[in-house]
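Only the coordinates and a few stated rules stand behind these numbers; no lab work does. Bear in mind that the values here come from a model prediction, so they are computed numbers and not experimental data. All Cβ positions, even for glycine, are placed from backbone atoms using ideal geometry, and neighbour counts span all protein chains on display.
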Amino acid sequence: MLRVTQTKNTLLDGATIAEDLYTTPKDCEECFDSLELPGKNPTKLCPRSTFVRAGVLTTVRGSAYMEYGNTKVLAIVAPPHELMRASARRMNMGVINCFVNFAAFATGELESVPEREKHLGSMLTKALEPVVCRTEFLNFQLDIRVLILDDDGCLLSTAINCCGVALVECGISTYDLITASSACIYRDNVFLNPSAKEEELLRKHRGGHALAGSDNSNPTAALQEHGLITTASMDTFEQVAQCQQAGYLSPATYVKLLDYTLTINKSLRQIIRRVLTARVKEQHELDVREKAESALEDQRLAEIIERLKQQGLDEFIQTNIKEDPFVKR
Amino acid sequence: MAYVALSEAEKTFILHGVEEDFRCDGRSRRDYRPMELETALVSNASGSARLRLANTDILVGIKTEIDVPDPLTPEFGKLEFFVDCSANATPEFEGRGGSDLAQELVLALENAYESPLAFDYRTLCLIPGQQCWKLYIDILILECGGNLHDAVSLAAKAALHNTKLPRVTASLLDAGVTDLIISDNPYDCTRLTIDTVPLLVTVCKIGDYCLVDPSAEEEVCSTVSIVVSVSMRNGEAFLSGSHMTGGGAMHRDTMRNCLDLGLSIGEQLNTVLAKMLKQEEERVGPKRPKTVGFLK
């Protein structure tokens with residue numbers, strides 16, 4: 001195949017225009033240089049600062065909001081309803097449908113949004129299928145909607161975490177709590193919970209730099225692995241619910257990244273557990289207060305009935321008529 | 001996945017067979033069903049392949065087009081996958097029934113081919129930053145007999161091997177506009193190297209055991225499967241994408257076993273495919289006899 005490397009343009013007085021064409025990959029280099037490099041073996045295996053709240057919306061039964069660093073995600077679970085498409089029916093299982101939507105202002109690059117929505121939706125469905133007791137809503141479908149308000153990486157894992165909380169809030173039976181996290185490797189640096197910048201570098205640039213080591217002329221040069229792993233796990237029985245990987249990894253690196261994410265999942269589980277317990281407590285207090293209020297109401301009613309019995313109907317009505325101060329007789 | 005109704009007794013039978021390492025069709029857990037592979041049978045496509053894996057029938061056609069490369073990757077060409085689940089495969093696919101499955105296959109393939117180490121996008125480059133080849137890989141599922149991921153990836157790889165890109169010469173015109181001259185001679189063409197092109201291997205967990213190449217019935221019995229994309233580079237197997245599917249979960253150690261099984265099977269599959277493609281080429285050569293009716 002013929003390759004022309006264009007260097008000079010006669011009309012532009014010999015100036016090169018080729019350089020202009022190559023500015024964007026250079027931007028990637030600059031972007032990479034601006035990153036804080038975590039090195040080959042990260043020491044601190046912990047999640048980002050996390051905020052989770054269950055039951056943020058009053059209109060739906062199960063909702064949850066989660067902030068994972070700067071990533072903000074809202075998940076909504078509606079109670080199961082009858083299957084829309086008969087062809088989707090499974091013999092002894094309910095069907096889960098996940099829909100992921102980006103808010104218009106969630107991300108900078110809008111071109112790839114529909115594609116990413118599809119991909120995230122499909123992966124989210126796969127991750128949540130193992131955790132939901134699907135045998136309980138046979139011939140029904142469970143719709144889960146995720147709205148991404150702000151994208152700063154780790155979208156899939158944050159969405160899984162958030163949906164896990166929303167499922168519990170909605171009262172859907174689950175086998176376990178599900179937690180997820182991601183890790184990626186790029187130019188020998190392991191980024192845990194990669195930010196949007198790091199993910200974009202990985203995806204868009206597609207390890208263009210990684211090719212440096214893959215030239216056939218120099219097979220001894222080390223291969224530049226690159227890739228992203230998102231793992232969802234249920235830790236009571238140490239089950240991996242989903243492990244999605246993209247990029248190019250050797251099996252050893254794959255297992256290394258998998259172990260990192262599993263460790264992060266364990267600490268995330270503590271956080272989510274705490275949030276859910278707090279939520280149950282809060283709900284319990286509300287219930288107790290409501291009960292007390294309704295008891296009070298019952299008591300008042302009982303008193304009135306008692307008076308009615310004693311006084312007789314006519315007298316009771318007479319005593320209870322109050323003059324309207326604004327209406328003059 | 002295409003859906004087969006099985007009774008509990010049938011499921012138990014299959015499960016016991018897997019435990020004994022002697023499956024319903026006499027295979028062991030590491031065996032594939034017989035495959036039939038043919039290339040260059042669609043005359044209107046630049047490359048094509050048809051793969052029949054027992055009951056699974058896949059036809060892949062590759063069309064080429066000249067496109068402008070992405071500014072971020074000026075030296076890379078483009079690939080686009082499209083899967084069509086024809087209604088012949090199973091009645092379930094009628095209307096929009098197959099779209100979910102098609103989408104799943106497209107996503108799996110896109111994920112596997114994403115890395116430039118898995119598929120060398122630079123071979124599709126014509127003029128860096130200006131012109132590149134775009135390959136449309138159209139996959140038609142003619143019959144659905146289980147293990148679609150593996151079959152589709154094998155057929156896609158064979159079709160890529162078969163793809164002939166016409167030789168292109170460029171002449172520089174005024175104002176930096178380049179004019180491409182595409183060779184008229186059908187034999188004057190370039191081929192793609194497919195050494196590192198990934199293959200998908202579905203490792204299926206039935207009972208306590210992992211197996212490869214599940215039939216449609218076995219797919220119904222499986223609790224979970226992991227789709228591993230294996231790419232060979234310098235004699236070593238690399239993972240170029242993987243995900244779990246099937247609605248179950250597994251332990252980390254089980255997952256490692258599945259992964260190892262998938263990698264070793266992928267390696268073997270890769271060698272066999274390369275050998276077969278070479279053999280076919282030697283046997284048939286460029287002057288292949290005119291075939292009539294490829295659906296035998």
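3J(HN,Hα) couplings calculated from phi for the range A:179-195 with the Karplus curve 6.51 cos²θ - 1.76 cosθ + 1.60 (θ = phi - 60°) are, in sequence order, 10, 9, 7, 10, 9, 9, 10, 8, 6, 6, 10, 9, 9, 8, 6, x, 7 Hz; Gly and Pro show x. Sorting the segments A:120-127, A:281-288, A:154-161, B:231-238 by their residues' average number of neighbouring beta-carbon atoms within 10 angstrom, most packed first, yields A:154-161, A:120-127, B:231-238, A:281-288.
Principal axis extents of the C-alpha atoms in the range A:54-125 (largest first, rounded to whole Å): 42, 31, 18. Quickly work out the B:S183-to-A:N70 label distance, labels modelled 7 Å from Cα along the C-beta direction, and quote it in nm with one decimal. So the label points at A:N70 and B:S183 sit 5.0 nm apart. Calculated from the alpha-carbon coordinates, the range B:84-241 shows an Rg and a Dmax of 19.4, 68 Å respectively.
Taking amide hydrogens as placed 1.01 Å from N in the peptide plane, the amide H of A:T71 sits under 5 Å from those of A:D152, each at least 5 positions away in sequence or on another chain.
Close Lys pairs in the range B:8-282 (alpha-carbon distance under 29 Å; sequence gap of 8 or more, or different chains): 21. Averaged over the residues of B:57-65, the number of partner chain Cβ atoms lying within 10 Å of the residue Cβ comes to 0. Note: relative contact order over the range B:8-282, using C-alpha pairs below 8 Å and six or more positions apart, is 18 percent. If each Cα of the range B:8-282 is one equal point scatterer, what is log10 of I(q)/I(0) from the Debye formula at q = 0.09, 0.10 Å⁻¹? Log10 of I(q)/I(0), two decimals: -0.45, -0.54.
Given the options B:G247, B:G98, B:G145, which has the most mean-square fluctuation in a GNM of chain B, springs set between C-alpha atoms less than 10 angstrom apart? Answer for the Gaussian network model of chain B: B:G247.
Close amide-amide hydrogen proximity is noted between B:A54 and B:E36, each under 5 Å apart and 5 or more residues distant or on a separate chain (H modeled in the peptide plane; Pro and chain starts excluded). Comparing B:I181, B:I206, B:I226 in a Gaussian network model of chain B (Cα springs below 10 Å), the most mobile by mean-square fluctuation is B:I181. Between B:L172 and B:E80, the FRET efficiency from the beta-carbon distance, with R0 = 41 Å, is close to 0.90.
Measuring how big the range B:123-212 is from its alpha-carbon positions, Rg and Dmax come out at 19.4, 68 Å. Taking 7 Å steps out from each Cα toward its Cβ at A:L110 and B:E236 produces label points 4.4 nm apart.
Using a Gaussian network model of chain B with C-alpha springs under 10 Å, which one of B:A158, B:A87, B:A118 is most mobile by mean-square fluctuation? Fluctuation is largest for B:A87.
Distances between placed amide hydrogens fall under 5 Å for A:T174 paired with A:C133, all partners being 5 or more residues away or on another chain. Placing a label point 7 Å from the Cα of A:D33 along the Cα-to-Cβ direction, none of the residues of the range A:175-191 has a backbone N under 12 Å of that point.
Our coupling estimate for the range A:164-171, obtained by passing each phi through the Karplus curve with A = 6.51, B = -1.76, C = 1.60 and θ = phi - 60°, is x, 5, 5, 4, 5, 4, 6, x Hz, Gly and Pro reported as x.
Taking loop as defined by DSSP and a crowding limit of 15 other beta carbons within 10 Å, which GluC sites (Glu not before Pro) in the range B:9-47 fit?
Qualifying residues, ordered by number: B:E20.
Seen from every direction in turn and averaged, the convex hull around the alpha carbons of the protein assembly as shown projects onto 42.3 nm².
For the range A:25-281, the Kirkwood hydrodynamic radius from C-alpha pairs, put into Stokes-Einstein at 10 °C and a viscosity of 1.306 mPa s, yields a diffusion coefficient of 83 µm² per second.
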